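The values are calculated or read from the model by the stated rules, or taken from the named source; none is laboratory data. As the structure is a computational prediction, the values presented were derived from the model and not from experiment. Positions of Cβ are backbone-derived with ideal geometry, glycine not excepted, and every protein chain shown enters the neighbour counts.
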Amino acid sequence: MNKTQAKQRIEELRKQVEYHAKKYYDNDAPEISDFEYDMLMVELRNLEKEFPEYQSKESLTQKVGGHVKEGFEKVTHEVPLQSLQDVFSIEEVEEYVKKIDEKAEENKIKNKTYVIETKIDGLSAALEYKQGKFVRGATRGNGLVGEDVTNNLKTIKTIPMELTEKIDITVRGEVFISKSDFEKMNQEREENEEELFANARNAAAGSLRQLDSKITAKRPLDIYIFNVQKIEGKEFNSHFEELEYLHKLGFNVNPVRIPCKTVEEIEKAIQKIGDDRENLSFGIDGAVVKVDDLKFREILGTTAKTPRWAIAYKYPPETKETKLKDIVCQVGRTGVITPMAILEPVKVAGSTISKTTLHNQDFIKEKELKIGDTVVIQKAGDVIPEIVKVLKEKRTGEEKDFEMPTVCPVCGAEAIREEGEAAIRCTGIECPAKLFRNLVHFVSREAMNIDGLGESIIGQLLDRKLIENIADIYTLQFEDIASLKKNGQKFAQNLVDSINKSKENDLHRLITALGIRHVGVKASKILARKYKNIDNLMEATAEELSEINDIGPIVANSIREFFLQNQTKDLIEKLKQAGVNLESLEEDIQDDRFAGKTFVLTGSLEKYTRGEATNLIEKFGGKTSSSVSKKTDYVLAGKEAGSKLTKAQNLGVTIITEAEFEELVSTGDVS
């Protein structure tokens, strides 16, 4: 490689590394595996070493990745939280130990001992104690400045709020989620059709860096302490001694710490940790080799990014070959149809894998998968099994192509893929796979607003087969409802009254309740005003719908496809028979005084609720927005108005009080 090519490749690698570091450290949403990222860093580091004229202090080979998230207070670390130099072979470990031994001889250090620890796969944090009491905690950030996450750290049960001694100390630890807890979290997210966490590390990082500590408290975070950053009034000779003392103080200390003297012992320790890796309750991504003698550490010193007294040996990801026996499709609660690979069972990273998600049609095409292929699988983040590649050279010619279904495999309704989306969805409103989610949405406050019919009651009704579709809500009997609770007569009467009351709702509530994709409350109101009854809306063409302001072609197609489904027609007919109102109750007002005007509401209003004020604006032809821009005509500011008011002032947008809004409503003077 010549200099020009080297410079070009270095620039490419720096962009790639910076992009993926941001996804990993700042967004907690990596797009590539740790191993792939490590290999990019290795290539970049080697090129910078070979062509030193292109080295830069701004390269991530020279500094720690990560930034302070907006919303957190900054914390300057008194002692930097550095990262470790990674190595990927035993030869590199041997070379490192040889250099340390040579340095020890130069400085007449006799105690050449090491401690080998697990490199826990989590998020690094510093905990600060004053007189034995926990006072502050921060993330690593860029090593020099981190985020104040004290309140979030207080939710972790294994962090002591008070130590066994009244001492001033700052320690460093790794926040993580155990393997079993991580699997439970992802299982729940899969059931709710939420995006799965890529690995336990990112789940832990995302949980600790929540702006709302109540969310953090719901996550099963744990921590292991592995270093003393700073201590007042005590001195230690060795790192191993420090760890023992931390344990006595009440800290949850890294449980794997193996003392070694020779390179042979170090290699055995690394091998042992690798062999025991699958039996550990927590995830690791390597083994850390640390010089034990603290005075020798001071002699060795550090670089701007890494200490010279430690390295991290990274284990390669384990892969196995197996057969892709079949591809089957599952339908989730929101109607997303997901292809699943059925595999010849194979043991990978300590567990038997017999199936894994194939995500969507694009993933299958990208990997060029065929049923019957021999494939290579690995565990992403040591937890989620994934197909890495196809071994095309092992094809026999009997392999079969796979195409995603055009109809739902559960209910037979049309399955569609909307423009710009990877997912294929079932469009059937009565699909059994979607029924629970559809029912919860149908009865929600912004939809039919059936008070008392919450998720728990809906679950019981489905389990007892008292309802099998949405319209069955309106055939529920008093006795059936009362049987759900002990002494449930009062509850049953209240729910019956709420169900009957919902029959009188305006048409826009029903449109919202139907859960048409892309159609929310605002669009439902527009459609109800435009078409007056459900029959007119059902007959509207996509072209006609797309001409309506705030609807557009994508929403129009979604509405049209929804009402073409036999399941939709069946449901509407059942609702009609049950006596549910299918017409707009809003008076036909010709006054469009707010036509073309956009309002933003901020702060708390006294006379109106937000919903009432929005209804008035829309009633007179105006619209509301959630954000202030130059296109905003009015900002209606109540008490304790915040950043939206400030932005309106900066942009010169007209700001009105509640009294001035009433004047606009009564006079129509919007000049």
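Observations on the model:
- The single residue among 468, 419 that is at pLDDT 90 or above, surrounded by fewer than 15 Cβ atoms within 10 Å (Cβ to Cβ) and either assigned to a loop (DSSP other than H, G, I, E, B) or within 29 Å of the chain's Cα centre (by Cα) (or both) turns out to be 468.
- All conditions in (1) modelled with pLDDT of 95 or more; (2) in contact with a Lys or Arg (Cβ under 6 Å, 6 or more places away or on another chain); (3) closer than 30 Å to residue 190 by Cα; (4) among the aliphatic types (A, V, I, L, M) hold for residue 336, with the sole exception of (1).
- Restricting 75, 93 to residues that are part of a strand (DSSP E or B), surrounded by 13 or more Cβ atoms within 10 Å (Cβ to Cβ) and in contact with a strand residue (DSSP E or B) (Cβ under 9 Å, 6 or more places away or on another chain) narrows the list to 75.
- Those residues of segment 249-275 which are in contact (Cβ under 8 Å) with a residue 12 or more places away in the chain and either touching a Lys or Arg at 6+ places or on another chain (Cβ under 6 Å) or of a type in the set (Val, Ile, Thr) (or both), in sequence order: 253, 256, 258, 263, 266, 270, 273
- Counting only helices (runs of 4 or more DSSP H) that fall entirely inside segment 528-581 and contain at least 2 residues that are closer than 18 Å to residue 505 by Cβ and modelled with pLDDT of 90 or more, the qualifying elements are 534-539, 566-577.
- Of all the criteria given as (1) β-branched (Val, Ile, Thr); (2) modelled with pLDDT of 85 or more; (3) assigned to a loop (DSSP other than H, G, I, E, B); (4) outside the structural domain of residue 292 (by TED's automatic domain parsing), the one not satisfied by residue 64 is (2).
- A count restricted to segment 74-121 and to residues that are in contact with a helix residue (DSSP H, G or I) (Cβ under 7 Å, 6 or more places away or on another chain) and polar (S, T, N, Q) stands at 2.
- Boolean, residue 144 is in contact with a Pro (Cβ under 6 Å, 6 or more places away or on another chain), closer than 26 Å to residue 42 by Cα and either outside the structural domain of residue 200 (by TED's automatic domain parsing) or not polar (S, T, N, Q) (or both): yes
- Selection count where residues are touching a helix residue (DSSP H, G or I) at 6+ places or on another chain (Cβ under 7 Å), at pLDDT below 95 and either surrounded by 19 or more Cβ atoms within 10 Å (Cβ to Cβ) or small (Gly, Ala, Ser) (or both), scope segment 472-489: 3
- Yes/no for residue 452 being on the phi > 0 side of the Ramachandran plot and free of Cβ contacts under 8 Å to residues at least 24 places away in the same chain: no
- Hits in segment 120-131 - residues which are touching a residue at least 40 places away in the same chain (Cβ under 8 Å), farther than 14 Å from residue 204 by Cβ and either of a type outside the set (A, V, I, L, M, F, W, C) or not assigned by TED's automatic domain parsing to the domain that holds residue 79 (or both): 128, 129
- Across segment 186-209, the number of residues qualifying as surrounded by fewer than 19 Cβ atoms within 10 Å (Cβ to Cβ) and among the aliphatic types (A, V, I, L, M) comes to 1.
- Qualifying residues in segment 630-648 (those that are assigned to a loop (DSSP other than H, G, I, E, B) and touching a strand residue (DSSP E or B) at 6+ places or on another chain (Cβ under 7 Å)) - the one farthest from residue 604 (Cα to Cα): 631
- Which numbered condition residue 236 fails, given (1) among the hydrophobic types (A, V, I, L, M, F, W, C); (2) in a loop (DSSP other than H, G, I, E, B); (3) within 33 Å of the chain's Cα centre (by Cα): (3)
- Matching residues, segment 582-603, being at pLDDT below 85 and over 26 Å from residue 513 (Cα atoms): 590, 591, 592, 593, 595, 596
- Taking segment 634-657 as the range and being crowded, with 17+ Cβ neighbours inside 10 Å and of a type outside the set (Val, Ile, Thr) as the test, the residues that pass are 634, 636, 637, 638, 641, 644, 645, 647, 648.
- Which listed residue, of 481, 473, is touching a Gly at 6+ places or on another chain (Cβ under 9 Å) and within 26 Å of residue 432 (Cβ to Cβ): 481
- Some residue of segment 13-21 being part of a helix (DSSP H, G or I), closer than 23 Å to residue 92 by Cβ, of a type in the set (Val, Ile, Thr) and at pLDDT below 85: yes
- Segment 96-121, subset of a type in the set (Asp, Glu) and within 27 Å of residue 178 (Cβ to Cβ), residue surrounded by the most Cβ atoms within 10 Å (Cβ to Cβ): 117
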